[in-house]
């Protein structure tokens, strides 16, 4: 049992931080611990959460994806254009946007894989391209969509206080968890991040997996953009600016190692909720300003990165 | 010398093409006038507005030369501007404001370098921390407000002044380039950086103080980012902690890569990075000035062009692509 | 041979400029452990790479159970039943032991979902069958290297491997772990598997192998039944000598050093776990101390400890009378030491820097970044050493990566000579360079010694060590086994100590 505690302690630390934060906030602020607020936590952070799920796959494989914020914006604007300007029904427009997101990610993955280029630069190009396209789609940069019946209908769905964004997020968590745990693709993601050359020697399909990983990041970001549109009833080309940073932070705080190979979707969920609570606290505490959020997130990052470092040294000494 | 010139050919060709395009599409681009004791014109504006990225690119070249990267420079810029503006707001002397701001930026650089060297945290993660927290610190200093600076204050000279007909930011960037080039090439720092980036193990065997060199490179980066932040703040006579330096770390990295320095470290080119920074700024200016069938091109087009530039540069440097091309040629020949 | 599992005939492999294998034959029977031995450049790893699909042969045939095979990738070779376990375990450290055994062949149920229960059950069966006691739910990185290797073996067995290649599996194992691995190897032999065992440790060769194949310089020397081959004969074959040769005309060492000279290096009971056992060493000015031993005997580990690349786990070290606590290359250089490393590429050269810059690196490192040697002075120094060591380069500004191996070695040598060190340690300075350059380096060593420098010299070529040194410390299996000097210093004696035989046995 001790062994297993050792193995899971990064995740347990994250869980501990989350519980402590939640309990502290619940004691300090009336209404924080209500069921409605709990559901709201998921709803408010659905876009970030979806992006972080995709980012988890990417980081587990040892890569990075700087384009997710821009892809969210592109999806948001794309959906608005398809529905409001071109008059497509929502049930066609949404799958179309998801396909575009998937294709965008897969394209970046293919370039990274084929030409052996650093993911940092390729996804940086992807970020410029997606953000630029989003901004160029219309001159207004923002399209109000409250007149779209489809979007209105979707935004009014509520199941035990969980809106559509929160539900999509939770379903995505489940699907991603299952994919990482129960599919060969998922295990190959870990294998690539842990030791790519060994994975190749073991005959695992590196190329298709890498393309798949960035495709997943693309589709998750696109879904993030879609739920954002549903939540705000507007498409916006400047939304999710630098959101990739928060997504990376959530993944790292969730115990996933930036070098790849180690981490979990559950951790990412916890990381997203930690960021979510930290961002909510200033709403309750008038004298606490929003910039403290960034400083606290930076500190949390520092703590978790150092913890990972220590645990690596420790396990390295045994190996 | 010959080698470094050869490295520079592609960026220079790219810049030349851009300039030729400008000369044809908007002849006013090269129209430089001497008005009220200062040179003015689009070409001068490119240099003036490009000054912060030029400064960042200089430092980033050294950091990337050692095989590192610094994502925090945009946040460091914001801290510099915020601190200087806050001190000026409290009626501190201009010199104190500048020195204090730059000092804090050097400290930020040392913090980054310390995480990389002492704690052995990969540079991308180590500097991500300050990238996130630094902007928060800048906002903390400014209380989340935009602090304006009295436009009459001598501080604004940094952003708006003129020396010998040239805008002060251009003078600062070019002098910084000269100073850095001198430090790097007249001392052994440059060779050490290239040795560490080229083969860290061999550098250790040869008795080079790898940690110290790494640390100082990040410290220099901090100083240059601070200068860039001061220029940015002085230019608009206000410290905007939310937007100062936003995205500029990416532009700086891009400038370095365009300039022919590989992200893996080793041989680096300061001149290449300057050319890269000028290319990036020329691109945005070009797009602002270009009209297409009577319509101006939306500035957002800049991002799409940048995306294509990044991809082209990557592919040009890709060994894998070179291999493929050679293979195809061999099959055909 | 009817029961030949693998037959390799007339294998030729040429790399640009080098013949790595020149018509080598090799055969492996089912149910035998076959040791493959040889020094640097013998061609062991090339032969194994060809067998396991990592490289393709230029000529020759390979058959597996009588059928011709031509694996193009390691994965193809695995499918044919040829599995390899490397010293650097090629498994996934972050996945569980169970997954590492079954990765790519996981039992799956509906919708292709991995059935973890079934997978654990099967993995447990495999490790039970091999008698391994590991928690298969643990991530691989939590296991010792020995266990990781046995898990790699388990994976191979579960893939129905007929041939198992063990490439230096014991290099980082302690005695107990090695014993465990050997027990496993013997069980597999009983089960009819053919095992190719590559190692530098002669004791281990004799402990487990049934036959030995010796390669040297890309050629087959011979294949023997292990217990018919005396150790001395094996060492002689590895080093390219015949026993008669050795006893008749043997190289003799130089006369002992002037005892009045000052001692400039002393190590007592210095050791590092899993690298080298406790050794004593002393070195005087004007003396060449040779370190002799087979590859992997601990030669390099000794100089790495002396130069501060690795920290010692214990023992006293003093350089020029100064006692050294926490050691580092900078400290060593300051005390007057220099080391040309065994692996030029990895630890010596900065490939894109010029000949001049590479030469001046250590001097500049010692002076610090601020006190730069002027370019003119650098050029003068570089020119001087290019001439003195007759380095052939068109230009001192050429990137060092464009020079030949011998000239690269001379550049590194120049880097340290211009520091005028008190103690110069040369780790395999003559490996992979042409005869002319070798002779020059030997002459140079002699000259430096007579000028009062203290040197430590390592070479895989016994004749060379004996020719150059006045005293030789012999290492075997990472421990010092003796020291020879004066009258006793000759190739035969050194070889006997390397082989670990007494004089009586050798002549028997």
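Determine, from the Cβ-Cβ distance of residue C:206 and residue A:37 and an R0 of 56 Å, the FRET efficiency 1/(1 + (r/R0)^6), rounded to the nearest 0.05.
Plugging the Cβ-Cβ distance into 1/(1 + (r/R0)^6) gives 0.15.
Helix-only estimate, please: 222 nm mean residue ellipticity of chain C, summing -39500 (n - 2.57) across DSSP H runs of length 4 or more and dividing by its residues, to the nearest 500.
-10000 deg cm²/dmol
Once you put a point 7 Å from the Cα of residue A:8 and another 7 Å from the Cα of residue C:384, both along the Cβ direction, what distance in nm separates them?
6.8
Calculate the spin-label point distance for residue B:17 paired with residue B:107, positioning each point 7 Å from the Cα along the beta-carbon direction, and give it in nanometres.
Taking the simple label geometry, residue B:107 and residue B:17 are separated by 4.7 nm.
Write down the percent of antiparallel bridges among all DSSP beta bridges whose residues are both part of chain C, to the nearest 5. Please report the intermediate quantities before stating the final value.
Working: 45 of 80 bridges.
In chain C, DSSP labels about 55 percent of beta bridges as antiparallel.
Could I get the Rg over Rh figure for chain A? Both from C-alpha atoms, Rh via Kirkwood, rounded to two places.
Values: Rg = 19.6 Å, Rh = 20.1 Å.
Here Rg/Rh amounts to 0.98.
Which FRET efficiency, nearest 0.05, do residue A:138 and residue B:175 yield, Cβ-Cβ r, R0 60 Å?
With R0 = 60 Å, the Cβ-Cβ based efficiency is 0.85.
How big is the shadow of the Cα convex hull of region C:353-419, averaged over all directions, in nm²? Before the final figure, lay out the partial values.
Working: hull surface 15.7 nm².
For region C:353-419, the mean projected area of the Cα convex hull comes to 3.9 nm².
Which distance in Å, rounded to a whole number, links the C-alpha centroids of region A:273-298 and region A:209-229?
Each part's Cα centre sits 27 Å from the other's.
What's the whole-number percent of alpha carbon pairs in chain B lying beyond 38 angstrom?
Working: 9114 of 55278 pairs.
In whole percent, the long-distance tail amounts to 16.
Over all residues in C:91-101, what is the mean tally of Cβ atoms on other chains that come within 10 Å of each residue's Cβ?
Working: counts 7, 14, 9, 12, 8, 2, 0, 0, 3, 3, 0.
Whole-number average of other-chain Cβ neighbours for C:91-101 is 5.
Using a 10 Å cut-off on Cβ atoms, rank the peptides A:38-44, C:281-287, C:454-460 from the highest mean neighbour count down.
Working: A:38-44: 18.7, C:281-287: 20.3, C:454-460: 24.9.
Ranking, from highest mean packing down: C:454-460, C:281-287, A:38-44.
Take peptide B:294-305, look around each residue's Cβ out to 10 angstrom, count Cβ atoms belonging to other protein chains, and average those counts.
That works out to 4 on average.
Pairs of Cα atoms under 8 Å, at least six residues apart: use those to get the relative contact order of chain C, whole percent. Please list the in-between numbers first.
Numbers: 995 pairs, mean separation 79.4, N = 508.
Relative contact order of chain C: 16 percent.
Mind pulling the angle between the C-alpha long axis of helix C:175-190 and the longest principal axis of chain C? Nearest 10 degrees, somewhere in 0 to 90.
Long axis of C:175-190 versus the principal axis of chain C: about 40 degrees.
What's the average, rounded to a whole number, of partner chain beta-carbon atoms within 10 Å of each residue's beta-carbon in A:244-252?
Working: counts 0, 5, 1, 0, 5, 4, 0, 0, 3.
The per-residue average across the peptide is 2.
Considering chain B as a Gaussian network with a 10 Å cut-off on Cα pairs, which listed residue, B:321, B:12, B:303, attains the greatest mean-square fluctuation?
B:321
For chain C, divide the Cα radius of gyration by the Kirkwood radius and give the resulting Rg/Rh value with two decimals.
Working: Rg = 25.0 Å, Rh = 25.0 Å.
On the Cα set of chain C, Rg over Rh gives 1.00.
If the label point is 7 Å along Cα→Cβ of residue C:483, which residues in region C:321-338 have backbone nitrogen under 19 Å from it?
C:321-324
Quick one: C:419, C:150, fewest Cβ neighbours within 10 Å first, how do they rank? Before the final figure, lay out the partial values.
On the way: C:419 19, C:150 26.
Ranked by crowding around the Cβ, least crowded first: C:419, C:150.
Note the full-extension length gain between residue C:376 and residue C:113 as 0.36 nm times their separation in residues minus their Cα-Cα distance, in nm to one decimal.
Values: separation 263, 0.36 × 263 = 94.68 nm, distance 6.95 nm.
Taking residue C:376 through residue C:113 to full extension adds about 87.7 nm, to one decimal.
Put a dot 7 Å past each Cα toward the Cβ at residue B:24 and residue B:162; how far apart are the dots in nm?
3.4
For residue C:260 and residue C:326, calculate 0.36 nm times their separation in residues minus their Cα-Cα distance, and state this gained length in nm to one decimal. Don't jump to the answer; show the numbers that get you there.
Working: separation 66, 0.36 × 66 = 23.76 nm, distance 3.03 nm.
Net length gain for the segment: 20.7 nm.
So how far, in whole Å, is the C-alpha centre of region C:297-331 from the one of region C:172-189?
When both Cα centres are located, 32 Å separates them.
Find how many whole Å separate the alpha carbon centroid of region C:432-504 from the alpha carbon centroid of region B:130-209.
Measuring centre to centre over Cα atoms gives 54 Å.
Tell me the Rg and the Dmax, in Å, that the Cα atoms of region C:4-229 produce.
Radius of gyration, then largest Cα-Cα span, for region C:4-229: 17.8, 58 Å.
Ranking request for peptides A:238-248, B:306-316, B:216-226, C:439-449: highest mean number of other beta-carbon atoms within 10 Å first, then the rest in descending order. Write out the running numbers ahead of the final one.
On the way: A:238-248: 22.9, B:306-316: 19.0, B:216-226: 27.0, C:439-449: 16.8.
Answer by packing, highest mean first, reads B:216-226, A:238-248, B:306-316, C:439-449.
Please list, in order, the residues from region B:15-46 whose amide nitrogen is less than 14 Å from a point placed 7 Å along the Cα→Cβ vector of residue B:291.
From region B:15-46, the list is B:25-29.
Please compute the contact order of region C:353-419 in relative form: average sequence separation of alpha-carbon pairs under 8 Å and at least six residues apart, divided by the residue count, as a percent.
On the way: 60 pairs, mean separation 34.5, N = 67.
Answer for region C:353-419 is 51 percent.
Under the definition of Cα pairs under 8 Å and six or more residues apart, what whole-number percent is the relative contact order of chain B?
Working: 554 pairs, mean separation 101.8, N = 333.
Over chain B, the number comes to 31 percent.
Nearest 5 percent is fine: what portion of the DSSP beta bridges confined to the protein assembly as shown is antiparallel? Numbers along the way, then the final one.
Details: 59 of 94 bridges.
Antiparallel bridges make up about 65 percent of those DSSP assigns within the protein assembly as shown.
Could you calculate the FRET efficiency of residue C:269 with residue C:135 from 1/(1 + (r/R0)^6), where r is the beta carbon distance between them and R0 is 41 Å, rounded to 0.05?
Details: r = 38 Å, r/R0 = 0.93.
The pair residue C:269/residue C:135 has a calculated efficiency of 0.60.
Kindly rank B:247-259, B:62-74, B:89-101, A:93-105 from highest to lowest mean number of other beta carbons found within 10 Å of each residue.
Numbers: B:247-259: 26.1, B:62-74: 27.9, B:89-101: 15.2, A:93-105: 20.8.
Sorting B:247-259, B:62-74, B:89-101, A:93-105 by mean packing, highest first, produces B:62-74, B:247-259, A:93-105, B:89-101.
Sort largest first and round to whole Å: the equivalent ellipsoid semi-axes of the protein assembly as shown, each the square root of five times a Cα gyration tensor eigenvalue.
Values: eigenvalues 639, 311, 148 Å².
Those come to 57, 39, 27 Å.
Taken together, the values in this text are just the output of simple stated rules run on the coordinates, not laboratory data. This structure is a prediction, so every number in the text was calculated from the model and none was measured. Ideal geometry is used to build each Cβ from the backbone, glycine not excepted, and the neighbour counts take in all protein chains shown.
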